[in-house]
Amino acid sequence: MTRATWLTALLLGAAGAHAAQRVETIDATVLSGQVISIDDKALILRGGGKDQSVPRGRLVSVSLDKTQQIDHKVAQGLVVTHRGDALGLKGLQLDNGRLVFSNALLGRTQIALSDAKALFLPGKAETARDIRRRCETMKIAAVSHDILVVAKDNKLLPVQGVLKRIAAPRGSSQAKVFFRWQETDRTISLSNVRAIVLAKAAPAETPIAGTLIGRDGTRVAFSALTLTDRACKVQTVTAGARTISRNAIAGIRFVTVGADDLSSMRPTVVKEYGFFDRTFPHRLNLSAGGGPLRLNGREYATGLGLHSFCELTYALDGKYARLVTVAGIDDAVRPAGNAELSFLGDGRPLGKATALTGKDRPAVLRVDVTGVKTLTIRVGFGSDGLDVADHVDLAAARLIKAGT
């Protein structure tokens, strides 16, 4: 490991341990200090009595505080949009093609129904995440019709139709869902509905610059953002312009123009087998065990979860200059785990293999892939010769384009 890589890894570990404000750049460098401001040109970071300017185009993420899960005791549900927004909601209404509700981060909010992908409305002993998982298990997906998921006798019953309106009839405090089913308009109490999965729509194509993450767990895509010591002015993609207290913000993730997340690409060749008869398939944005990617106490939103033995081959076509990633054994199985990670370009080794064990800190790796047409990532059995607990995370793995 080079001195620069060791220093970056040390900073990574220190930042994770003390939950300091931290900034990650496109090449996996991690900086810690006080974030003074962010505008369309740069981020200003203060550390050791000095200010450092980081170009906006090189930012990947900014962590200001811990993120909480959306509290189902406060929020009555969750709306998920085509742009990846996850908005806790309270006081839901639908009229004239617009969803109206209150959100802990954004306040009173309106979004076009065509921007919404699904609404999850848990009962008293459930969370929105519970309902979402149940719908995924049932493979509920709307294509040409909306789907109303109704709770009955502790079961979820999907009903196809057209969502018309959500409102409380005059003189009543109980919201009703107005739904067209079998050519007839019907009503049902909103309290009996657990999810509404909306027919596939084509939302307006607005460029996304990143995602704002609230301390309450809200995630909202934005097209423009500025941050000062007190407030954040943000142009959200689905809910318009907002001014939000800085104290309400946990972090910001930026879309990187000069790089591609490896988890957004699909391998052209996959080889996977275990030492005995069990095989762990590779996972996107999850660990090999199915949990979040977690290294040295820090959770990563993107990356690959791999297990020995596996080989993933990607077609790069010579478009990239570097592969950067934070590699290690996932926290869920540490201190167990013993694997060997190597990279091949067009069939030839790209540097030396890296030994990864559950007793080691994660390593920041930067691999030169200049001119490489096919990249192979190989996770082999480690020095123990076994595949026990070889849960290898390639966290924040991204390919940086040539010329960036």
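The values are calculated or read from the model by the stated rules, or taken from the named source; none is laboratory data. Small disclaimer: the values here were computed from a predicted structure and weren't measured. Ideal geometry is used to build each Cβ from the backbone, glycine not excepted, and the neighbour counts take in all protein chains shown.
Quick notes on this structure:
- Qualifying position, being out of contact with any Gly (no Cβ under 8 Å at 6 or more places or on another chain), surrounded by fewer than 22 Cβ atoms within 10 Å (Cβ to Cβ), on the phi < 0 side of the Ramachandran plot and modelled with pLDDT under 95, among Phe309, Phe276: Phe276
- Of all residues in segment 107-125, exactly one satisfies the criterion of being part of a helix (DSSP H, G or I) and in contact with a Ser or Thr (Cβ under 6 Å, 6 or more places away or on another chain), namely Asp115.
- Looking at Arg230, Arg242, just one residue is more than 30 Å from Val388 (Cβ to Cβ) and at pLDDT below 95, and that residue is Arg230.
- Filtered residue count, segment 296-343, keeping only those that are farther than 20 Å from Thr279 by Cα, touching a Ser or Thr at 6+ places or on another chain (Cβ under 6 Å) and part of a loop (DSSP other than H, G, I, E, B): 1
- Candidates Ala339, Ala355, Ala301 - the one that is in contact (Cβ under 8 Å) with a residue 12 or more places away in the chain, in contact with a His (Cβ under 9 Å, 6 or more places away or on another chain) and hydrophobic (A, V, I, L, M, F, W, C): Ala339
- Cβ pairs under 7 Å, 6+ apart, first in segment 9-38 and among the β-branched types (Val, Ile, Thr), second surrounded by fewer than 16 Cβ atoms within 10 Å (Cβ to Cβ) and at pLDDT 90 or above: Ile36/Arg46; Ile36/Asp51; Ile36/Asp229; Ile38/Thr226
- For the criterion of being outside the structural domain of Ile38 (by TED's automatic domain parsing), surrounded by fewer than 21 Cβ atoms within 10 Å (Cβ to Cβ), closer than 29 Å to Lys124 by Cβ and modelled with pLDDT under 95, Ala201 fails.
- Scanning segment 158-178 turns up no residue that is over 22 Å from Arg129 (Cα atoms), touching a strand residue (DSSP E or B) at 6+ places or on another chain (Cβ under 7 Å) and of a type in the set (Ser, Thr, Tyr).
- Restricting Leu356, Leu293, Leu323 to residues that are under 17 Å from Leu375 (Cα atoms) and buried (at least 19 other Cβ atoms within 10 Å of the Cβ) narrows the list to Leu323.
- Comparison of Gly33, Gly13, Gly57, Gly47 shows that the only residue that is modelled with pLDDT of 85 or more and either within 24 Å of Leu262 (Cα to Cα) or within 18 Å of the chain's Cα centre (by Cα) (or both) is Gly57.
- Filtered residues of segment 205-230 (kept if in contact with a helix residue (DSSP H, G or I) (Cβ under 8 Å, 6 or more places away or on another chain) and surrounded by fewer than 16 Cβ atoms within 10 Å (Cβ to Cβ)): Thr228, Asp229, Arg230
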